[in-house]
1. Can you work out ³J(HN,Hα) from phi for every residue in the stretch 159-171, in order, using Karplus 6.51 cos²θ - 1.76 cosθ + 1.60 and θ = phi - 60°, giving whole Hz and x for Gly and Pro?
2. Could you pull out the chymotrypsin sites (Phe, Trp or Tyr not before Pro) across the stretch 47-129 that fall in loop regions by DSSP (anything but H, G, I, E, B) with no more than 14 other Cβ atoms inside 10 Å?
3. Can you compute the modelled spin-label distance between T167 and A51, with each label point 7 Å from Cα toward Cβ, in nm?
4. Expressed as a whole number of Å, what is the distance separating the alpha-carbon centroids of the stretch 22-59 and the stretch 102-181?
5. How much of the accessible area of the stretch 86-169, probe 1.4 Å, is carbon plus sulfur, in whole percent?
6. At R119 and T80, where each label point lies 7 Å from the Cα along Cα→Cβ, what is the point-to-point distance in nanometres?
7. Need the full-extension length gain, R109 to K42, defined as separation in residues times 0.36 nm minus the C-alpha distance. One decimal, nm.
8. Give the cross-link partners of K50 among the aspartates and glutamates, using a straight C-alpha distance below 16 Å as the criterion and excluding same-chain residues fewer than 8 apart.
Amino acid sequence: MRWFLVAFVTLAFAVPSSAASVNPKLYALSQADVPKGYDFDKDNSLLLSKALVDRASNEESRLLRRLGFGGANIAAYLNTSPPKWRFVHSGAFIFRAANGARAFVRTARRTGLTPFARRGDRIQLGDEAWLYKDTAEGGSAVAWRQGRVVAFVSCTEMADHRALALTLARTQQRRIVTLTR
């Protein structure tokens, strides 16, 4: 799913992680977390720094500034074994405080930011979480909030996507809990 990338296309400028006040790369899945055969896809990954959002003058950046945005990372992994085009996406948006993350989730649900606009099943993960099934792309997504972090994992165009998405989301959640203590 390329939903978070598309949603923030106006902010899509890669910046070095050293430019961010927090290192959002630490909050998303790493190469070691995804199954063997999935390689980092730099062309479909995105790192957003607070400084970049502060310089932008579009509606999305104004909203993020108002909510206390600290940085975001969206990492894409592509299956390199035949058949290709099977993706794992992982992302995290970090805010200064939990109320900013809560407001981001409410806004995402109200404005239709995918996957929050879809009908999802509530699951036990973090402070609030949903499991979404994407029948159009043959995949599943988990989106959740843990304190000041809004995170997601999606697995598309593969079999057993629901189980893998939940497993990877739990892995990412453990990392987020450790980093936000």
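The values are calculated or read from the model by the stated rules, or taken from the named source; none is laboratory data. These numbers come from a predicted model, not from an experiment. Reconstructed Cβ throughout: ideal geometry from the backbone, glycine too, with neighbour counts over all protein chains shown. Just the protein is used for accessible areas: all its heavy atoms, side chains included, with ligands, DNA and RNA removed. Shrake-Rupley method; radii C 1.70, N 1.55, O 1.52, S 1.80 Å.
1. 7, 6, 5, 5, 5, 5, 4, 5, 4, 5, 4, 5, 4
2. W85
3. 3.9
4. Each part reduced to its Cα centre gives a spacing of 16 Å.
5. 42
6. Modelled inter-label distance: 4.1 nm.
7. 21.3 nm
8. Partners within reach: E59, E60.
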